[in-house]
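S.K.: Submitted below is the structure of interest, expressed as structure tokens.
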């Protein structure tokens, strides 16, 4: 976590983010590559003079690149000089060759508009002479020359040579993958070394090459940034940059050229991914607390855990023992929670720390050594977002506990906490990377069976299974705290649900123990069951359960819930939501099909005031549409602009992992192996839209009538002065088979009187096209190009 004074915002990083064209080192660099970078939303590049990729003496190629940059609005911020010059040779003839070639490359850099030139000048005496000569011959250019550290070296010799040259036009360029400490390990993977290593460069640092490192033995560096397998200490590096007042570009450089698309995508996603990971995580987010001389400190909106030990023999710690802990907040208000047994005589209780200040706790138990225990802890300010709530200004929208609007991009990861799923970590890391903010997950091991929660005779719990659930939720909390888990404790176990109606002790224990153990987690909400048919009087068969049974479960959970964790239920496809008016229900949860016009969301907005989620539609691997990427992009935008929310389905995560289409797996891993067809690729751009536009959907109202009242073609949500419109531009009127039309779409919008700015957003790339103005009344507008678009109109 970064210190408060060293925090970076996503906008700050984005404004300086650049990408090296080394990603295309196996291609002849051309206009199509510049356009691909721009489509990802990246507007700064470093041209890398790699042999066979870019020849600065080839006038036709350089003219093509320059024209492409101008037409795409891409700025060349730096040029990396030729790689194969004899920089390391002290031979005078070789040195003069370096000077001659470098002068030609520097002239090219200036023609391209670059302000920084990168080269492997080195640090020896002949390098100092070369630098002085180049500076003298380019003194009118204003370009900054930089010397890059090489593999296996530390930075001190480069610091020394820059000091010796002593020019404000000569500095260091640090490649964070090249440096090595005396032990042979890159200091930028060491939390205690990364910051001080970079900070020592001080004002000498004029440029930087950023990338990820995996293991330290094979292929250790030049991987895409913030890769789930990466070990670079990004928070420490950026803290150092802030500390030394670094004002240069943040250039990400690939050294392999193996996957340009992945590199471009992950670089474009870096600003928001970095902020999510480092500006609002760790330090008390999980059960870890800090012990200070003044006592225990826990971060605001984090989780605090206390432990009590029972040394005497217990009959049944699940049914025969009561342990209640009362937490007293600084304002005197109290919350009483159930303790839970965690094995070996150890009992625990957890608090969600929703208030800053001094907290106290006391215990009540029938076990003498656990009764009457007390303690104190201090909750200190933090940047954690906290639990999910209904938005205070719009009950159909969500917000984190800190007030930030929650953009719901749901995913179906049913078996994330199932102990037999081997790819769970890759799943959540890549889900966060893809832009998902909510995951549906159940407690089942079998498809319709939660019996794994119990010991064989149902008189005790299978603690290792519960502890594994705990471990995986904790991992997600510590690494991706913005991702909310919709926990489904009863899954699709119809028999267990029906046992609850008969007050079966083991059945009721599931919810009671789950709430005691997990309700304090900031990253969870509750869903009682999944995909059941709700009936009021019919015979119970198949997936049927009684309405009264779910209501009984809902009332019990709501009455017991200590921290206000949201609660809902999920019923089967096409059956709507039966609990809109039930006081225990906080969310309207639906399962339907082909809702790319948002009709079911609009229907249920009229019935209730809670958030409406279409939590299951088509999957990429089940009931799949013909054009996965378009269908899911369309579904997500249409749902949001209907004033609701939607959830994606990829693999068959309701079935056990089989190395093929079943089980939870990393999204990008599944794409790479051909199991998924890019269905969620564009969700990250939805985040970009609202971030770039500085908008939320709070207080906005669906209004398809103002765009023609044809929701399969046009969706609109609006306030009095802002209109967000999704132009689907489908090829037909059948959502399952539609693809995006190759025509340029037109739209007529009925606007109140006034003048409006017109901004077009490409949902497949995150790129903006800003037009001029339009007036009120019926305004006919034409998109910049073919495909689907998001149109943003704001009254000036």
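The values are calculated or read from the model by the stated rules, or taken from the named source; none is laboratory data. Bear in mind that the values here come from a model prediction, so they are computed numbers and not experimental data. Here the Cβ positions follow ideal geometry from the backbone for every residue, glycine too, while neighbour counts run over all protein chains shown.
Conditions (1) more than 37 Å from the chain's Cα centre (by Cα); (2) closer than 26 Å to residue 45 by Cβ; (3) in a strand (DSSP E or B); (4) in the same structural domain as residue 87 (by TED's automatic domain parsing), marked per residue:
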{"site": "123", "(1), (2), (3), (4)": "yes, no, no, yes"}
{"site": "133", "(1), (2), (3), (4)": "yes, no, no, yes"}
{"site": "140", "(1), (2), (3), (4)": "yes, yes, no, yes"}
{"site": "146", "(1), (2), (3), (4)": "no, yes, yes, yes"}
{"site": "174", "(1), (2), (3), (4)": "no, yes, yes, yes"}
{"site": "191", "(1), (2), (3), (4)": "no, no, no, yes"}
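S.K.: Would you mind finding the one in 63, 68 that is touching a residue at least 12 places away in the same chain (Cβ under 8 Å) and either assigned by TED's automatic domain parsing to the domain that holds residue 130 or in a loop (DSSP other than H, G, I, E, B) (or both)?
M.R.: Testing whether each residue is touching a residue at least 12 places away in the same chain (Cβ under 8 Å) and either assigned by TED's automatic domain parsing to the domain that holds residue 130 or in a loop (DSSP other than H, G, I, E, B) (or both) leaves just 68.
S.K.: Sticking with this one: If you scan the stretch 726-736, which residues turn out to be part of a loop (DSSP other than H, G, I, E, B), under 30 Å from the mean Cα position of the chain (by Cα) and under 14 Å from residue 594 (Cβ atoms)? It would help to see each step written out before you state the result.
M.R.: Step one: list which residues in the stretch 726-736 are part of a loop (DSSP other than H, G, I, E, B), which gives 728-729, 731-736.
Then keep just the ones that are under 30 Å from the mean Cα position of the chain (by Cα); that gives 728-729, 735-736.
Selection gives 728, 735, 736.
S.K.: Of the residues that make up the stretch 603-611, is at least one in contact with a helix residue (DSSP H, G or I) (Cβ under 8 Å, 6 or more places away or on another chain), in contact (Cβ under 8 Å) with a residue 60 or more places away in the chain and surrounded by 22 or more Cβ atoms within 10 Å (Cβ to Cβ)?
M.R.: no
S.K.: Can you name the residue in the stretch 353-397 that is part of a loop (DSSP other than H, G, I, E, B) and closer than 15 Å to residue 308 by Cβ and is also nearest to the chain's Cα centre (by Cα) among such residues?
M.R.: Across the stretch 353-397, the extreme among qualifying residues is 373.
S.K.: Suppose we keep only residues that are assigned to a loop (DSSP other than H, G, I, E, B) and touching a helix residue (DSSP H, G or I) at 6+ places or on another chain (Cβ under 6 Å) within the stretch 740-766. Which one would you say is surrounded by the fewest Cβ atoms within 10 Å (Cβ to Cβ)? Talk me through it step by step, then tell me what you get.
M.R.: Applying the first criterion (assigned to a loop (DSSP other than H, G, I, E, B)) to the stretch 740-766 yields 741-745, 762-766.
Next cut, touching a helix residue (DSSP H, G or I) at 6+ places or on another chain (Cβ under 6 Å) only: 763, 765-766.
Values: 763: 25, 765: 18, 766: 22.
Among those that are assigned to a loop (DSSP other than H, G, I, E, B) and touching a helix residue (DSSP H, G or I) at 6+ places or on another chain (Cβ under 6 Å), it is 765.
S.K.: Could you check residue 333 against (1) buried (at least 17 other Cβ atoms within 10 Å of the Cβ); (2) farther than 29 Å from residue 475 by Cα and say which number it fails?
M.R.: Among (1) buried (at least 17 other Cβ atoms within 10 Å of the Cβ); (2) farther than 29 Å from residue 475 by Cα, residue 333 violates only (1).
S.K.: Follow-up question, since we're still on this one. Would the stretch 425-439 turn up any residue that is over 15 Å from the mean Cα position of the chain (by Cα) and either in contact (Cβ under 8 Å) with a residue 40 or more places away in the chain or within 27 Å of residue 679 (Cα to Cα) (or both)?
M.R.: Scanning the stretch 425-439 turns up no residue that is over 15 Å from the mean Cα position of the chain (by Cα) and either in contact (Cβ under 8 Å) with a residue 40 or more places away in the chain or within 27 Å of residue 679 (Cα to Cα) (or both).
S.K.: Scanning for something surrounded by fewer than 19 Cβ atoms within 10 Å (Cβ to Cβ), in the same structural domain as residue 171 (by TED's automatic domain parsing), touching a strand residue (DSSP E or B) at 6+ places or on another chain (Cβ under 9 Å) and in a loop (DSSP other than H, G, I, E, B), does the stretch 83-106 turn up at least one residue?
M.R.: yes
S.K.: Okay, next question. Kindly check whether there is at least one residue in the stretch 699-711 that is surrounded by 14 or more Cβ atoms within 10 Å (Cβ to Cβ) and closer than 29 Å to residue 74 by Cβ.
M.R.: Of the residues in the stretch 699-711, the ones surrounded by 14 or more Cβ atoms within 10 Å (Cβ to Cβ) are 700-704, 706-708, 711.
Subset that is closer than 29 Å to residue 74 by Cβ: none.
There is no residue in the stretch 699-711 that is surrounded by 14 or more Cβ atoms within 10 Å (Cβ to Cβ) and closer than 29 Å to residue 74 by Cβ.
S.K.: Of the conditions (1) free of Cβ contacts under 8 Å to residues at least 12 places away in the same chain; (2) under 25 Å from residue 305 (Cα atoms), residue 446 clears all except one; give me its number.
M.R.: Condition not satisfied by residue 446: (2).
S.K.: Now for a different question. Touching a strand residue (DSSP E or B) at 6+ places or on another chain (Cβ under 8 Å), at positive phi and surrounded by 16 or more Cβ atoms within 10 Å (Cβ to Cβ): does that describe residue 171?
M.R.: no
S.K.: Hey, could you check the stretch 453-482 for residues that are touching a residue at least 40 places away in the same chain (Cβ under 8 Å) and in a loop (DSSP other than H, G, I, E, B) and say which is farthest from the chain's Cα centre (by Cα)?
M.R.: 459
S.K.: Sticking with this structure for a sec: Of the residues that sit in the stretch 483-514 and are under 29 Å from the mean Cα position of the chain (by Cα) and surrounded by fewer than 23 Cβ atoms within 10 Å (Cβ to Cβ), which one is nearest to residue 645 (Cα to Cα)?
M.R.: Of the residues in the stretch 483-514, the ones under 29 Å from the mean Cα position of the chain (by Cα) are 483-492, 514.
Keeping just the survivors that are surrounded by fewer than 23 Cβ atoms within 10 Å (Cβ to Cβ) gives 483, 514.
Details: 483: 15, 514: 26 Å.
It comes out as 483.
S.K.: When you go through (1) at pLDDT 95 or above; (2) closer than 26 Å to residue 262 by Cα; (3) not assigned by TED's automatic domain parsing to the domain that holds residue 627 one by one for residue 729, which number turns out not to apply?
M.R.: Among (1) at pLDDT 95 or above; (2) closer than 26 Å to residue 262 by Cα; (3) not assigned by TED's automatic domain parsing to the domain that holds residue 627, the lone unmet condition for residue 729 is (2).
S.K.: Would you point out the residue of the stretch 419-443, among those that are in contact with a strand residue (DSSP E or B) (Cβ under 8 Å, 6 or more places away or on another chain) and over 26 Å from residue 269 (Cβ atoms), that is surrounded by the fewest Cβ atoms within 10 Å (Cβ to Cβ)?
M.R.: Applying the filter and picking the extreme gives 443.
S.K.: Kindly indicate whether any position in the stretch 197-211 is without any contact (Cβ under 8 Å) to a residue 40 or more places away in the chain, surrounded by 18 or more Cβ atoms within 10 Å (Cβ to Cβ), farther than 21 Å from residue 9 by Cβ and within 20 Å of the chain's Cα centre (by Cα).
M.R.: The answer is no, given that none of the residues of the stretch 197-211 is without any contact (Cβ under 8 Å) to a residue 40 or more places away in the chain, surrounded by 18 or more Cβ atoms within 10 Å (Cβ to Cβ), farther than 21 Å from residue 9 by Cβ and within 20 Å of the chain's Cα centre (by Cα).
S.K.: Do you know which residues across the stretch 412-452 are over 19 Å from residue 669 (Cα atoms) and in a strand (DSSP E or B)?
M.R.: 438, 440, 441, 442, 446, 449
S.K.: Working only within the stretch 322-347, note down all residues that are under 20 Å from residue 454 (Cβ atoms) and touching a helix residue (DSSP H, G or I) at 6+ places or on another chain (Cβ under 9 Å).
M.R.: Selection gives 338, 339, 340, 341, 342, 343, 347.
S.K.: Take the stretch 239-259 and flag every residue that is part of a helix (DSSP H, G or I) and crowded, with 21+ Cβ neighbours inside 10 Å.
M.R.: Quick first cut of the stretch 239-259, residues part of a helix (DSSP H, G or I) only: 239-243.
Hits for the stretch 239-259 are 239, 240, 241.
S.K.: Which residues, taken from the stretch 639-665, are out of contact with any strand residue (DSSP E or B) (no Cβ under 7 Å at 6 or more places or on another chain) and either surrounded by 21 or more Cβ atoms within 10 Å (Cβ to Cβ) or in contact (Cβ under 8 Å) with a residue 24 or more places away in the chain (or both)?
M.R.: The answer is 640, 654, 657, 663, 664, 665.
S.K.: Which condition does residue 713 not pass, out of (1) in the same structural domain as residue 601 (by TED's automatic domain parsing); (2) out of contact with any helix residue (DSSP H, G or I) (no Cβ under 6 Å at 6 or more places or on another chain); (3) at pLDDT 95 or above, if it passes all the others?
M.R.: That leaves (1) as the condition not met.
S.K.: Taking residue 335, is it within 28 Å of residue 471 (Cβ to Cβ), in a strand (DSSP E or B) and at pLDDT 95 or above?
M.R.: On the way: within 28 Å of residue 471 (Cβ to Cβ): yes; in a strand (DSSP E or B): yes; at pLDDT 95 or above: yes.
In short, yes.
S.K.: Let me ask you something else. Consider residue 347 carefully, then state whether it is farther than 14 Å from residue 303 by Cα, crowded, with 17+ Cβ neighbours inside 10 Å and either modelled with pLDDT of 95 or more or touching a strand residue (DSSP E or B) at 6+ places or on another chain (Cβ under 9 Å) (or both).
M.R.: yes
S.K.: So, residue 461, is that one over 24 Å from residue 666 (Cβ atoms), assigned by TED's automatic domain parsing to the domain that holds residue 526 and touching a strand residue (DSSP E or B) at 6+ places or on another chain (Cβ under 9 Å) or not?
M.R.: It is true that residue 461 is over 24 Å from residue 666 (Cβ atoms), assigned by TED's automatic domain parsing to the domain that holds residue 526 and touching a strand residue (DSSP E or B) at 6+ places or on another chain (Cβ under 9 Å).
S.K.: When you scan the stretch 554-565, do you find a residue that is surrounded by fewer than 22 Cβ atoms within 10 Å (Cβ to Cβ) and over 30 Å from residue 353 (Cβ atoms), even just one?
M.R.: The answer is no; no qualifying residue exists.
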